Protein chains: 2
Amino acid sequence: MLQSKLFTKTKKESPADEVSLNAELLIKAGFISKELAGIYSYLPLGLRVIKKIENIIREEMDAIGGQEMKTSILQNKEIWEKSGRWSDELVDNWFKTKLKNGGEVGLSWTNEEAHANILKQYINSYKDLPIYTYDFKDIFRNETRSKSGILRGREFYWKALYSFSKNEEEHNIFYEKAKQAYKNIFARVGIGHLTYLTFASGGTFAKFSHEFQTLTGAGEDTIYIDENKNIAINKEVYIDEVIESLELKRENLIEKKAIEVGNIFSLGTKYSNPFDLKYKNENGEDNLVIMGSYGIGLGRLMGTVVETLSDDKGIIWPESIAPFSVHLLSLGKDENVIKESSSLYEYLKSKNIEVLYDDREDLSAGEKFADSDLIGIPYRVVVSKRSLDFGGFEIKKRIEKEGKIINKDELLTILLKPSH
Amino acid sequence: MLQSKLFTKTKKESPADEVSLNAELLIKAGFISKELAGIYSYLPLGLRVIKKIENIIREEMDAIGGQEMKTSILQNKEIWEKSGRWSDELVDNWFKTKLKNGGEVGLSWTNEEAHANILKQYINSYKDLPIYTYDFKDIFRNETRSKSGILRGREFYWKALYSFSKNEEEHNIFYEKAKQAYKNIFARVGIGHLTYLTFASGGTFAKFSHEFQTLTGAGEDTIYIDENKNIAINKEVYIDEVIESLELKRENLIEKKAIEVGNIFSLGTKYSNPFDLKYKNENGEDNLVIMGSYGIGLGRLMGTVVETLSDDKGIIWPESIAPFSVHLLSLGKDENVIKESSSLYEYLKSKNIEVLYDDREDLSAGEKFADSDLIGIPYRVVVSKRSLDFGGFEIKKRIEKEGKIINKDELLTILLKPSH
């Protein structure tokens, strides 16, 4: 797209009311806009990142048999009374509102009830199971404090998958598949090397739940990592008994700050019981369905990438989720430069490469370079009088210090390489 | 996808608490699930339709220069006080809720304020304009009555685009482009032949607003159509003066019931004024931005298709928005039939044709035919002992009475034809 047409512009000043790095950079670069503390709108560049993350998650969920749906945000009080989670005394982060003709509704803050209640209509026999349902959804949590930018929102965009299995064995097989799918997701969005499968408290059913924790000083959690085994223990269960049961040694464990980017739970019959979610087995006997829950916040994931991969000049997007693959900069007002830049822009587009073309004529080279570093697109390609004199275009990765001048064929080879 | 894996099943009984045809059919066929009156969840088949509609709308919005973003659902009271639309006395369909640490927020019921407030950060000079922003968003309206299924929801999925132009001339040029984009959308989703550009009351700024009204007995509006000129007048402005100004004649106008599937408005400075949305022109003078608003409800559009195109056996989806292109039915338990069906399924998938494969073994042919008619996928392909004996597969369009038996090559030619 033409940068002259993109309505957002970078800001020189950091926002006065943000203390988190992710919000500061994303607002300055024009990816998000703050509505209220913990409530952000996603601008065109930010939405492009969210959609790439969404597509990666969708592919991984579909690959393990997930069926996507779109459940309502407004939630029926009666459904939540069944599970015992309507009361504000037990759940302290509800947003609730009133129907004009009487009655209260809640805004989704999680989705077990919605999925279990829908599946109640469709599960009868063992032949109907297993089922895996998921949705992408705006989720609302009435937090008292919201200072972490898009890492912890009052409103945030979320994927939740729920598994419905006949028995623990069938559940466990899927749980391991989901665990692998989550590892794939974090690897694909570019933070696999910083993300640890972390053992955390499991609630009433299983011994542990599993968190995916990404190392960052901005994290709210403390975890103990074993760098060789690539697993970690959350502080909340960091006791000798747990360390031993995982065959780890205290001396190999290093304390780190981290942020939880995903969480998977075995729920057992905790929700199938109140919803009377039963199936008839081969002998005609009724059995309760075994459930699992697998959540991931897309904004939080995006914010974590910014927290962990940026430098002092701005954001560094991994290629997989960058808003564009190439930032094409045309420098100066030389007619030939403008002609060559525009022609290269059209050429790259024709090869299905996503290009943000900085065609703005009233900015200096320095301003364009600073903008490009702040926005953080993986490849910067510069067209200038100098680059043309040297026979081509200057290409530089966002993470590299020095660029090199290459011709159009070489450029295409780099930009179309398989990792792309 | 394998129908044996699709978790939804068709229902024989109509829901007791629905009076609208769209809700009845969509619930029976497993496209949606009711949460509360006017609040529905979209199940996998329903979400597939919504996404196809969304993609068509996105293509049309992008083609006229729209930039997509994702604004928050929770809305800042201060922003709406600026435009004078916070008060429940003036706006009677707000859902509002409270922040735990004090203060009230509203749930989006329209989006002028959100877009104008964001653009206030970025519009300074005439060089920044025009800008066209849009989003797809869940919208909330606290309706007292909700009996029309997904035609009128308390929560519904919506696209809104806003235009920001330098002056009326620039605005009018875009307004005409948007009008054409809307016509394209209704044609592409399959109701173009039933949809009339309708002159309606324009509010404070323009003489008229333009509605797109689709003829259906289920419609809440009364319009007067000129079938030859393909335009209509809403009852609210059906007076001699208007009829004459449009160069129509009362004797050529026929009264019809219709539903409004889209609405476009010239807003003038109604919202740019309270947000002080100004730009400096070439002479350095401040001018207010001219706005326009262009809305369309995706659920309403889907419901309108169901209301207008179904028959007594079920839904009839246009090819462009059908959940799948082909419903492949395997009849009987004959081993060769199952083998040929499965092989055809894999073959069609390899050609990127979207197939729902009814591989369920415990259903009769009659049950499968009834399900297929209810769900309404455009092409039904039957594999049976009889079809194989006659050298192939029986293909029938949902709208046709009789099928014909053809071989695999002929089948592919039909399914890959350009209209697909």
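The values are calculated or read from the model by the stated rules, or taken from the named source; none is laboratory data. Since we're looking at a predicted model, the values are computed, not measured. Neighbour counts are summed over all protein chains in view; Cβ atoms, including those assigned to glycine, are modelled from backbone coordinates with ideal geometry.
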Exercise. Among the candidates B:GLY303, B:GLY292, B:GLY299, which residue alone is in contact with a Phe, Trp or Tyr (Cβ under 9 Å, 6 or more places away or on another chain), assigned by TED's automatic domain parsing to the domain that holds B:HIS193 and within 28 Å of B:ALA370 (Cβ to Cβ)?
Worked result: B:GLY299
For this session: Please work out which one of (1) modelled with pLDDT of 95 or more; (2) assigned by TED's automatic domain parsing to the domain that holds A:PHE174 is the condition A:LYS349 fails and give its number.
Result: (2)
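So if I check each of A:ALA218, A:ALA200, which one is within 23 Å of A:GLY292 (Cα to Cα) and of a type in the set (A, V, I, L, M, F, W, C)?
A:ALA200
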Exercise. If we scan the stretch A:66-80, do we find a residue that is under 24 Å from the mean Cα position of the chain (by Cα), closer than 25 Å to B:ILE27 by Cα, more than 9 Å from chain B (Cβ to nearest Cβ) and not charged (D, E, K, R)?
Worked result: yes
For this session: Give the stretch B:68-88 a look and list any residue that's crowded, with 21+ Cβ neighbours inside 10 Å and under 24 Å from B:GLU170 (Cα atoms), or say none.
Result: B:MET69
For this session: May I ask you to list the residues in the stretch B:1-46 that are β-branched (Val, Ile, Thr), over 25 Å from B:VAL355 (Cβ atoms) and more than 7 Å from chain A (Cβ to nearest Cβ)?
Result: B:VAL19
Problem set entry | Residue match in the stretch B:141-162 (condition: in contact (Cβ under 8 Å) with a residue 40 or more places away in the chain, within 9 Å of chain A (Cβ to nearest Cβ) and of a type in the set (A, V, I, L, M, F, W, C)) | no
Exercise. Which of (1) under 19 Å from B:PRO318 (Cβ atoms); (2) more than 10 Å from every other protein chain (Cβ to nearest Cβ) does B:ARG85 not meet, given it meets every other one?
Worked result: (1)
Exercise. Would a scan of the stretch B:136-153 turn up a residue that is of a type in the set (A, V, I, L, M), assigned to a loop (DSSP other than H, G, I, E, B) and buried (at least 24 other Cβ atoms within 10 Å of the Cβ)?
Worked result: no
Exercise. Restricting the search to the stretch B:258-280, which residues are touching an Asp or Glu at 6+ places or on another chain (Cβ under 7 Å) and basic (Lys, Arg)?
Worked result: B:LYS278, B:LYS280
Exercise. Before we move on, is B:ILE259 within 30 Å of B:ALA370 (Cβ to Cβ) and either among the acidic types (Asp, Glu) or outside the structural domain of B:LEU119 (by TED's automatic domain parsing) (or both)?
Worked result: no
Exercise. What tally of residues in the stretch B:93-106 results from selecting those that are facing another protein chain (nearest Cβ under 8 Å) and either polar (S, T, N, Q) or not in a strand (DSSP E or B) (or both)?
Worked result: 6
For this session: Tell me, please, whether a residue that is more than 23 Å from the chain's Cα centre (by Cα) and over 30 Å from A:PHE140 (Cα atoms) can be found in the stretch A:254-272.
Result: yes
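Does B:TRP109 satisfy the condition of being away from chain A (no Cβ under 11 Å), free of Cβ contacts under 8 Å to residues at least 40 places away in the same chain, within 18 Å of the chain's Cα centre (by Cα) and outside any helix (DSSP H, G or I)?
When the stated conditions are applied, B:TRP109 passes them.
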Exercise. Do you know which of the residues in the stretch A:112-131 that are within 9 Å of another protein chain (Cβ to nearest Cβ) and not in a loop (DSSP other than H, G, I, E, B) is nearest to B:LYS137 (Cα to Cα)?
Worked result: A:ALA114
Exercise. Within the stretch A:375-420, can you find the residues that are farther than 15 Å from A:SER325 by Cα and touching a helix residue (DSSP H, G or I) at 6+ places or on another chain (Cβ under 8 Å)?
Worked result: A:VAL383, A:SER384, A:LYS385, A:LEU388, A:GLY392, A:PHE393, A:GLU394, A:ILE405, A:ILE406, A:LYS408
